[in-house]
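Asker: If you scroll down you'll find the structure; I have some questions about it.
The values are calculated or read from the model by the stated rules, or taken from the named source; none is laboratory data. Bear in mind the structure is a predicted one, so any value in this text is a computation, not a measurement. All Cβ positions, glycine included, derive from the backbone under ideal geometry; neighbour counts span all protein chains shown. Protein only, heavy atoms only, side chains kept; ligands, DNA and RNA dropped before computing areas. Shrake-Rupley method; radii C 1.70, N 1.55, O 1.52, S 1.80 Å.
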Amino acid sequence: MALSARQLLRKRSEELDALFGASPAGPIPEGEATGAAIACPGTVLARILAWFARWFCWQGKVFDPAGGCLRNRITPFGFLAIKAQVYAGKSRFDRRDCIVIDYSQTSLVARFVRDEIRLVSPGLYLGQVFLGKSARPALKFSLSFQYEPARRGWRRFWSAATLALVVFAIYFAVRLRRDEPVHYDAPEEHFKYGSTGGERDAGIPYALWKVLPAMFPELLPEPEKGLASFGFVFDPTRPRDADLPVGVSKRNVQGIDRVFLNCAVCHVGTVRDTPQSPPRIIAGMPANTVDLQGFERFLFNAATSEKFTPDRIMAEMERIGVTDDFINRQILRHLAIDIGRRRLLFLRDRFRFMDREPDAGPGRVDTFNPPKVLLNFPMDRLPEKEWVGNCDLPSIWNQRPRRGMALHWDGNNTSVEERNRSASFGTGALPPTLDRASVKRMEAWLEDAQPPPYPYAIDAALAQRGAPIYAEYCASCHGRNGRDFAGAHVGQVTPIEAIRTDRHRLDSYTPELAANQNLLYAGYPEERFRHFRKTYGYANQPLDGLWLRAPYLHNGSVPTLRDLLEPASRRPASFHRGYDVYDPKNVGFVGDVVREGSKTYFAFDTSLPGNGNFGHEGRAYGTELGAADKDALIEFLKTF
Amino acid sequence: MSPRLKRKLLIGLAVVVVLGAAGAWFTWEKFFREEPEPAWADAAERFKYGSIGAEATRGIPFYIWLVLPRVFPEHLPGPGGYKAFGLVWEEGRELPSGFTKRVIGFPRVANNCAICHTGTWRSREDETPHVVVGAPSHTTDVQGLLRFLIACGRDPRFNATTLLPEIDREVKLSWIDRLLYRFVLIPVTRRALQQQEQQLAWMNRPGWPDWGRGRDDPMNLTKYFMTSMATDDSTGQADFPSIWNLQVRKGDGLYLNWSCDTPAVRSVLIDSALGLGAAPDATVPLDQLNWSTKRRAWFLQRMAELDDFLSRLPPPAYPFSIDSTLAARGRPLYAAHCAECHDIGAPRTNKPVPVAEIGTDAERMNTWTQGAADEANRRVKEMGIDRPNMVKIEGYQSPPLDGLWLRAPYLHNGSVPTLRDLLNPPDDRPKVFHRGYDVYDPVNVGFVTRGYDTARHGWKHDTAERGNGNGGHLYGTGLTEDEKAALIEYLKTL
């Protein structure tokens, strides 16, 4: 009875052994045999395994008796490889005749393999595989000359397609999991340019960032200056991506380079000695020139333009030479630009409340109404009392001695670390996306960063005469000097009835907001916000680096120290912000320059809601001192 | 049976057993495993934030609860998330007072006694509110909170597509938890909220009087929520009471609740807690089993601890200045006109006064019937709890006046804002005022009820509305102005 390879699969292992033992060696064959691996014979698994082996691993052997050898057909593509010698020999199984397939001399990968075959039926050989010196076969197989070898074409095609698919899948899996910020070794550089993780959720594709100023010059205050017209600081010494301003970080997320803001956008400023001097960039200083609100409005207005379409944006990218690889171009064209536009329009809607308050202007921001937007408070139902939250951007150097002080202008939080994470929301970083390691590095720099000393002339004798005046009038709330912050009320909240400065910023922070902030980071119990509270006054701050923190008071309504020592009626009713040329005589930035070159400086009107320049005046605040005493006090303050 | 077939069957059985065990462990871990409560600093902390056992039956998954105000702000009465309901939310706390969080499989949020019995006061607008445990939660809009949750459940956007992205902005859920939220927790919560809508339909009947801040309809809640009686047309808005110093309410023949519906502190504590969700769900056999084997014992123990704490909780002393000379002149007036019904240990204190005699709005009393009492008693017995039975008595309770200053507005329905108003005849009492603002008025003894901020933070109480009437309790209204001033000064000392 003639057997077929398939029938062999159905026999049990013992039967096959018996069959092998009972069969003659048979002649050494010639040509191509169709192979079938025999594993778990007699079970339902046998055919599945045989199919699998044939599809992916081994399809048979091609015998060459003239050369005394054979080659195997392997891989889904059916390559001929793995050569063996073929000769008649004695079987290890029962020491009788068989045909030996010996790999030891001819194959590198299979040199420990020895096959033995015997003819069990016309055109059908049964084989046993021996590994190493073992006397028991590891595996069996059959070789059939009973029919033509199967066509290889389809198998090759499907194998190639599957392989290609698997390769693509691995490539995309790797690419889409990419999350690499640009790395900066130096701590201060990391502060200025490093990523807080905001790009992960809120990032703008870098290509889009480059294109927008080029595409919408009409929306820029100074079209030929690009984004610099919003007062962004460009640092030529930036080691990487010098085309991005300070305060804008870059991170590759899912294969696309994205940019977003970091802490430095609000806390790195500039100062010039004269209009002709180059600006000195100072990290940790309030970003006195940056008009963040103007920049936000630019983005929102661009998004509403009919030019904001993938076609036109991609064309503009090509025009200005901002290219990206093929995959990113497709993602941008078909997905990212539309998503970006929708996102900007969504934010524009949510931030409509900003139109209800006076413009913030450069160096200022509304700190605590945006968190309400993050929590999706219905902003149109906010009581009018809360609408205006504009306040000066603060300096953030020297945080170590500030631990435990009431932080933020109204002293609503006593934890430096929590305050940092709260501010990180402003850089787009949410609890799941915050890059904690990166922010820790920035924190470490903030702890001990020192403000630069006053660079202009100080009359030491005059400053000396100012010291006791300061000690009497200022020290208990502001500390002994610019480094020693000891004082009975330093870091505490002075009730609004006592300080009597403009209430709007205080009222914009509400018990409702404070309560809801307790739930931020609730998914990370160790990090949950616990220190926010509603206060009823403004916090007394140390005055380190005071010279660079102009204009003064929480809302930046008093341009110079000399003005602050005057009663409100004699302080300037209006002045200009955003100009970084220093005024050493009055200690503050020059505030009466309307225009320089193509730039018009922001007109700050103290009569608008939230901009009031009253308060911090009266006998206790030094506004009733004599002129000589005021001069001395100011001179002493220059040493801070 | 051949050995091979036997072996196959054994392998198959082993696979089934292993899969079953894995599935059982997974189910227990994700839905039933209880984590212990944190250690509470003291009994007051535990009162505000500790569990009374409501999480198993009525807990909302924490992350869903967290994002609901962010996803559905249009269903809130105003900005501020849950704070918009006037909840008492202490600094730095994850949850407002009266809210509990427990992990039973997944973290869940439920309520406890403090949601209605923690109050605040301030001496002026620019002040951090003082929190008083056991005080009526006169700022809290419980009905508004319930309506918010119902509105969310009814909103077609209550699904994974809307909720998960907002949850993703707060926390990174594991892929298993995401699947659980998508396919189990969100749909089940939605169904539960819609079920609650059915159970609370009676309070949303068009034209029906609102509870308002600091009030609820306690006996109708008991009737419809706990005992599932058919809806009738009674309405019984009532002020949240203070629950400090309960030792003075204990004794034979003494009654609690505004219309003397219950004879024992133990009963009212148990019944209130059961109503808040500590009771097992009668329709879920697993819940019943859990209750009878484990939860009941824990619950009764907790009620005993609460009884002990609240019995000994001293009432808050009046924080503003008291003119002791004037108060001394008020004392005999108090003895003559008030003590018989309000002095601790006096013959009529903690006992019913017939409506005909007291003359106050009868609606609250009419909500409770003997049938309702019987049904409530039967239900509680069914749960295997033994407690003194609720009763039906005609009349309103005359309570002791401990901590009276913080229990404004006055009368059972909170229809009289201040003590000075209460000593005026009803025609001279305010017809309309705003309640829910916590700045105190030490001159008139009660909360400030007029002005812009009261309207913004409060709810308008209209005495013309059904159940809100401010008539009756004419005691002392005939005194002279001087006498009234002295009496009020004395009342500040209680």
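Asker: Residue check, B:A373 against (1) touching an Asp or Glu at 6+ places or on another chain (Cβ under 9 Å); (2) open to solvent by 70 Å² or more (accessible area, probe 1.4 Å); (3) in a helix (DSSP H, G or I); (4) not basic (K, R), all met but one. Which one?
Answerer: Of the numbered conditions (1) touching an Asp or Glu at 6+ places or on another chain (Cβ under 9 Å); (2) open to solvent by 70 Å² or more (accessible area, probe 1.4 Å); (3) in a helix (DSSP H, G or I); (4) not basic (K, R), the odd one out for B:A373 is (2).
To keep it simple, each residue is scored yes or no on (1) open to solvent by 60 Å² or more (accessible area, probe 1.4 Å); (2) free of Cβ contacts under 8 Å to residues at least 24 places away in the same chain; (3) under 24 Å from B:T139 (Cα atoms).
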{"site": "B:P315", "(1), (2), (3)": "no, no, yes"}
{"site": "B:A327", "(1), (2), (3)": "no, no, no"}
{"site": "B:G330", "(1), (2), (3)": "no, no, no"}
{"site": "B:H337", "(1), (2), (3)": "yes, no, no"}
{"site": "B:I344", "(1), (2), (3)": "yes, no, no"}
{"site": "B:P347", "(1), (2), (3)": "yes, yes, no"}
{"site": "B:P352", "(1), (2), (3)": "no, no, no"}
{"site": "B:A408", "(1), (2), (3)": "no, no, yes"}
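Asker: Among the residues of region B:439-465, count how many are under 17 Å from B:D427 (Cα atoms) and either open to solvent by 60 Å² or more (accessible area, probe 1.4 Å) or touching a His at 6+ places or on another chain (Cβ under 8 Å) (or both).
Answerer: Number satisfying all stated conditions: 3.
Asker: Just one of the numbered conditions (1) more than 14 Å from chain A (Cβ to nearest Cβ); (2) closer than 29 Å to B:L163 by Cα; (3) at pLDDT 95 or above is not true of B:R58; which one?
Answerer: Status for B:R58: all satisfied but (3).
Asker: Also, I was wondering about something else. Out of curiosity, is A:E566 more than 10 Å from chain B (Cβ to nearest Cβ), under 30 Å from the mean Cα position of the chain (by Cα), acidic (D, E) and more than 23 Å from B:P79 (Cβ to Cβ)?
Answerer: Taking the combined requirement at face value, the residue does not satisfy it.
Asker: Of A:D605, A:D580, which residue is surrounded by fewer than 18 Cβ atoms within 10 Å (Cβ to Cβ), modelled with pLDDT of 95 or more and not hydrophobic (A, V, I, L, M, F, W, C)?
Answerer: None of the others qualify; the one that does is A:D605.
Asker: Please enumerate the residues belonging to region A:420-468 that are more than 30 Å from B:L164 (Cβ to Cβ), surrounded by 19 or more Cβ atoms within 10 Å (Cβ to Cβ) and in contact with a Leu (Cβ under 8 Å, 6 or more places away or on another chain).
Answerer: If the condition is that a residue be more than 30 Å from B:L164 (Cβ to Cβ), surrounded by 19 or more Cβ atoms within 10 Å (Cβ to Cβ) and in contact with a Leu (Cβ under 8 Å, 6 or more places away or on another chain), then A:P451, A:G466 are the ones that fit.
Asker: All but one of (1) touching a residue at least 24 places away in the same chain (Cβ under 8 Å); (2) on the phi < 0 side of the Ramachandran plot; (3) surrounded by 23 or more Cβ atoms within 10 Å (Cβ to Cβ) hold for B:V268, so report the exception by its number.
Answerer: (1)
Listed here are the residues, each with its yes/no results for (1) surrounded by fewer than 19 Cβ atoms within 10 Å (Cβ to Cβ); (2) away from every other protein chain (no Cβ under 14 Å); (3) in contact with a Lys or Arg (Cβ under 8 Å, 6 or more places away or on another chain).
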| position | (1), (2), (3) |
| --- | --- |
| A:A283 | no, yes, yes |
| A:K307 | yes, yes, no |
| A:A336 | no, yes, no |
| A:R343 | yes, no, no |
| A:R348 | yes, yes, no |
| A:V373 | yes, no, yes |
| A:F377 | no, no, no |
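Asker: Against the definition (within 8 Å of chain B (Cβ to nearest Cβ) and more than 27 Å from A:V439 (Cα to Cα)), how does A:T494 come out, yes or no?
Answerer: Against the criterion (within 8 Å of chain B (Cβ to nearest Cβ) and more than 27 Å from A:V439 (Cα to Cα)), A:T494 does not qualify.
Asker: Moving on. Any idea which of A:E199, A:E224 is under 18 Å from A:C263 (Cα atoms) and assigned to a helix (DSSP H, G or I)?
Answerer: Unique residue meeting the criteria: A:E199.
Asker: Does A:F353 satisfy the criteria of being in a loop (DSSP other than H, G, I, E, B), buried (at least 19 other Cβ atoms within 10 Å of the Cβ) and of a type in the set (F, W, Y)?
Answerer: It is false that A:F353 is in a loop (DSSP other than H, G, I, E, B), buried (at least 19 other Cβ atoms within 10 Å of the Cβ) and of a type in the set (F, W, Y).
Asker: Output yes when any residue across region B:33-55 is buried (at least 22 other Cβ atoms within 10 Å of the Cβ), under 21 Å from B:G144 (Cβ atoms) and more than 13 Å from chain A (Cβ to nearest Cβ), and no when none is.
Answerer: There is at least one residue in region B:33-55 that is buried (at least 22 other Cβ atoms within 10 Å of the Cβ), under 21 Å from B:G144 (Cβ atoms) and more than 13 Å from chain A (Cβ to nearest Cβ).
Asker: For region A:347-361, indicate whether the set of residues that are of a type in the set (A, V, I, L, M) and modelled with pLDDT of 95 or more is non-empty.
Answerer: Scanning region A:347-361 turns up at least one residue that is of a type in the set (A, V, I, L, M) and modelled with pLDDT of 95 or more.
Asker: Looking for whichever is in a loop (DSSP other than H, G, I, E, B), open to solvent by 10 Å² or more (accessible area, probe 1.4 Å) and at pLDDT 95 or above here; the options are A:T237, A:T289. Which one fits?
Answerer: It is A:T289.
Asker: Tally up the residues in region B:61-73 that are β-branched (V, I, T) and away from chain A (no Cβ under 11 Å), please.
Answerer: 1
Asker: Go through region B:177-223 and count every residue that is under 18 Å from the mean Cα position of the chain (by Cα) and among the aliphatic types (A, V, I, L, M).
Answerer: Residues in region B:177-223 being under 18 Å from the mean Cα position of the chain (by Cα) and among the aliphatic types (A, V, I, L, M): 4 in total.
Asker: Tell me the residue from A:A486, A:A515, A:A471 that is open to solvent by 10 Å² or more (accessible area, probe 1.4 Å), farther than 23 Å from A:D359 by Cα and either within 14 Å of chain B (Cβ to nearest Cβ) or in a helix (DSSP H, G or I) (or both), please.
Answerer: Just a single option satisfies the conditions, and that option is A:A471.
Asker: Pairs needed: first member in region A:267-296, within 21 Å of A:L219 (Cβ to Cβ); second member anywhere, at pLDDT 95 or above and open to solvent by 30 Å² or more (accessible area, probe 1.4 Å); C-beta distance under 6 Å; at least 6 residues apart or different chains.
Answerer: Every condition considered, the pairs that remain are A:L292/A:V365.
Asker: Looking at region B:74-113 only, could you name the residues that are more than 11 Å from chain A (Cβ to nearest Cβ), among the hydroxyl-bearing types (S, T, Y) and in contact (Cβ under 8 Å) with a residue 60 or more places away in the chain?
Answerer: none
Asker: Within region A:520-539, can one find any residue that is more than 14 Å from chain B (Cβ to nearest Cβ) and buried (at least 20 other Cβ atoms within 10 Å of the Cβ)?
Answerer: Looking through region A:520-539, at least one residue is more than 14 Å from chain B (Cβ to nearest Cβ) and buried (at least 20 other Cβ atoms within 10 Å of the Cβ).
Asker: If B:W175 meets every condition in (1) of a type in the set (A, V, I, L, M, F, W, C); (2) surrounded by 21 or more Cβ atoms within 10 Å (Cβ to Cβ); (3) farther than 19 Å from B:E74 by Cβ apart from one, which number is that one?
Answerer: If we test B:W175 against (1) of a type in the set (A, V, I, L, M, F, W, C); (2) surrounded by 21 or more Cβ atoms within 10 Å (Cβ to Cβ); (3) farther than 19 Å from B:E74 by Cβ, just (2) comes out false.
Asker: Could you check how many residues of region A:379-395 are more than 14 Å from chain B (Cβ to nearest Cβ) and either open to solvent by less than 20 Å² (accessible area, probe 1.4 Å) or not in a loop (DSSP other than H, G, I, E, B) (or both)?
Answerer: Final tally of qualifying residues: 6.
Asker: Might you let me know whether region A:101-110 holds any residue that is over 19 Å from A:A138 (Cβ atoms), hydroxyl-bearing (S, T, Y) and open to solvent by less than 50 Å² (accessible area, probe 1.4 Å)?
Answerer: no
Asker: List the number of the failed condition for B:A39; all other conditions in (1) modelled with pLDDT of 90 or more; (2) within 26 Å of B:L286 (Cα to Cα) hold.
Answerer: Unmet for B:A39, out of (1) modelled with pLDDT of 90 or more; (2) within 26 Å of B:L286 (Cα to Cα): (2).
Asker: Residue under question is B:A22, and the condition is that it be among the aliphatic types (A, V, I, L, M) and open to solvent by 10 Å² or more (accessible area, probe 1.4 Å); does it hold?
Answerer: Against the criterion (among the aliphatic types (A, V, I, L, M) and open to solvent by 10 Å² or more (accessible area, probe 1.4 Å)), B:A22 qualifies.
Asker: Considering (1) buried (at least 23 other Cβ atoms within 10 Å of the Cβ); (2) in a strand (DSSP E or B), say which one B:K101 fails and leave the rest.
Answerer: (1)
Asker: State yes or no: is A:A437 more than 10 Å from chain B (Cβ to nearest Cβ) and more than 29 Å from A:Y193 (Cβ to Cβ)?
Answerer: So A:A437 fails the test.
Asker: With the structure loaded, tell me whether A:A25 is crowded, with 18+ Cβ neighbours inside 10 Å and under 60 Å from the mean Cα position of the chain (by Cα) or whether it fails that test.
Answerer: Against the criterion (crowded, with 18+ Cβ neighbours inside 10 Å and under 60 Å from the mean Cα position of the chain (by Cα)), A:A25 does not qualify.
Asker: Of the numbered conditions (1) within 18 Å of A:E384 (Cα to Cα); (2) more than 14 Å from every other protein chain (Cβ to nearest Cβ), A:S508 fails exactly one; give the number of that condition.
Answerer: (2)
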